[in-house]
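Just so you know, all these numbers are worked out from the coordinates, no wet-lab data involved. Note that the structure is a prediction, hence the values are computed from the model and not measured. Note: ideal-geometry Cβ built from the backbone for every residue, glycine included; neighbour counts use all protein chains shown.
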Amino acid sequence: MPELPEVEVTRRGIAGPLAGAKVHALRLGKPLRWPLGHDPARLVGLTVGDITRRGKYLWLPLWRGAAEAGGLLLHLGMSGSLAMLGPGTAAAEPGPHDHFDLVTDRGTLRLNDPRRFGAVVWSPSLGDDPAAALLQRLGPEPFDPELTPQRFHATLKARRAPIKAVLLAGDAVVGAGNIYACEALFQAGIHPALRADRISLPRADRLLAAVRQTLGRALALGGSTLRDFTDVHGASGAYQAEAAVYGREGQPCPRCGAAVRRRVMAQRSTYFCGSCQRR
DNA sequence: CTGGGCTCCTGTCAGC
DNA sequence: TGCTGACAGGAGCCCA
């Protein structure tokens with residue numbers, strides 16, 4: 001479900017309400033992707049710090065007084081979403097897909113994740129495992145000014161896989177999942193099956209700009225809601241209505257009118273215009 | 001090392 | 001109506 005825009009929308013929704021919140025309890029439902037790796041009781045009394053994002057991961061630092069005691073690394077997987085409940089009203093009973101509650105004096109942070117590909121993992125710090133090991137493999141953030149077209153192009157030059165697969169792998173730039181990878185490739189006029197190392201510097205420049213434009217636009221629209229993504233207040237995203245190709249097999253390409261095609265690449269449905277997007 | 005395929009899990013929807 | 005298969009926003013892991 002959630003790609004970078006959805007995760008960032010989520011972060012912005014919870015960061016304010018949770019800043020300085022004191023942990024009262026932690027409740028776990030069914031197992032998620034990995035075990036928490038810590039005794040939930042040991043989190044009681046800790047204070048939530050400044051929530052940050054890296055790729056599609058969220059980091060909730062937890063402080064004991066003036067010292068960072070560790071934190072929780074969260075991933076929403078394919079079907080996860082976070083909601084803030086209360087604190088005025090008593091938090092509703094967790095439903096069958098509510099697998100994590102962080103109960104604080106400012107309300108309850110609740111993770112709903114039907115498919116349970118998401119994760120909540122304790123880590124002593126961002127620099128220690130398991131967080132460090134998980135974040136280590138991530139490429140640069142899309143809006144990092146140090147990610148220049150030259151650097152982006154150099155990463156692509158080292159990869160022989162199709163550009164669509166390389167975007168999904170996230171080592172040239174993080175944040176684009178299946179929707180935004182399709183959309184960015186369309187906007188850049190690049191065929192998804194083109195080998196990454198065959199992309200020229202000018203085209204890499206255009207692709208990086210397209211990734212940034214696509215992610216930025218989606219963020220401004222509150223993300224995409226295909227079936228069930230909502231922000232922490234339950235509001236849907238609006239980007240999906242602007243998608244040029246994603247989910248639009250058979251419909252006319254907005255640029256040339258040819259039918260949008262769908263093809264499975266890297267185990268994912270890939271939507272593209274066969275005449276606008278060149279190899 | 002790389003690329004490609006598999007896998008985790010549940011829900012929904014189209015088609016028969 | 002009920003069953004079956006395809007498919008869904010991710011990404012770590014394993015193998016060739």
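Given H placed 1.01 Å from N in the peptide plane, which residues other than close sequence neighbours of A:A69 have an amide H under 5 Å from its amide H?
A:L62, A:W63, A:R64
Which aspartates and glutamates have a Cα less than 12 Å from the Cα of A:K22, not counting those fewer than 8 places away in the same chain?
A:D105
At a Förster radius of 30 Å, what calculated FRET efficiency corresponds to the Cβ-Cβ distance of A:W34 and A:A235, to the nearest 0.05?
With a Förster radius of 30 Å, E is 0.50.
So what is the relative contact order of segment A:130-246, in percent, for Cα pairs below 8 Å that sit 6 or more residues apart?
Result for segment A:130-246 is 24 percent.
Using only Cα atoms, tell me the angle between helix A:178-188 and the longest principal axis of chain A; keep it within 0 to 90° and round to the nearest 10.
Long axis of A:178-188 versus the principal axis of chain A: about 40 degrees.
Mind pulling the angle between the C-alpha long axis of helix A:201-220 and the longest principal axis of chain A? Nearest 10 degrees, somewhere in 0 to 90.
40 degrees
Within 13 Å, Cβ to Cβ, of A:V264, how many net charges do the neighbouring residues add up to if Lys/Arg are +1 and Asp/Glu are -1?
+4
Which whole-number percent is the relative contact order of segment A:25-122 (Cα, under 8 Å, 6+ apart)?
Contact order relative to length: 35 percent.
Can you give the convex hull volume per residue for the Cα atoms of chain A, as a whole number of Å³?
About 126 Å³ per residue, rounded to a whole number.
Could you grab the relative contact order for chain A? Cα pairs under 8 Å, six or more apart, rounded to a whole percent.
So the answer I get is 18 percent.
Suppose each label sits 7 Å from its Cα in the direction of the beta carbon; what would the A:R27-A:R160 distance come out to in nanometres?
5.3 nm
Based only on Cα atoms, what Rg/Rh ratio does segment A:94-152 have, Rh being taken as Kirkwood's radius?
My calculation puts Rg/Rh at 1.13.
For A:D105, A:D197, A:D98, which order do you get if you count the other beta carbons within 10 Å of each Cβ and list the fewest first?
A:D105, A:D197, A:D98
Just need log10 I(q)/I(0) for segment A:13-147 at q = 0.12, 0.13, 0.14 Å⁻¹, Debye formula, equal scatterers on the alpha-carbon atoms, no solvent, rounded to two decimals.
For segment A:13-147, the Cα-only Debye profile gives -0.45, -0.53, -0.61.
As an exercise, identify the GluC sites (Glu not before Pro) in segment A:178-257 lying in DSSP coil whose Cβ has no more than 15 other Cβ atoms within 10 Å.
Loop-located and lightly packed - A:E249.
Which percent of the Cα-Cα distances in segment A:169-266 go past 19 Å?
Distances greater than 19 Å cover 45 percent of the Cα pairs.
Please work out the Cα center distance from segment A:166-197 to segment A:246-279, rounded to the nearest Å.
The distance from the Cα centre of segment A:166-197 to that of segment A:246-279 comes to 13 Å.
Tell me the angle of helix A:4-18 to the major Cα principal axis of chain A, expressed in degrees between 0 and 90 and rounded to the nearest ten.
Once rounded, one gets 20 degrees.
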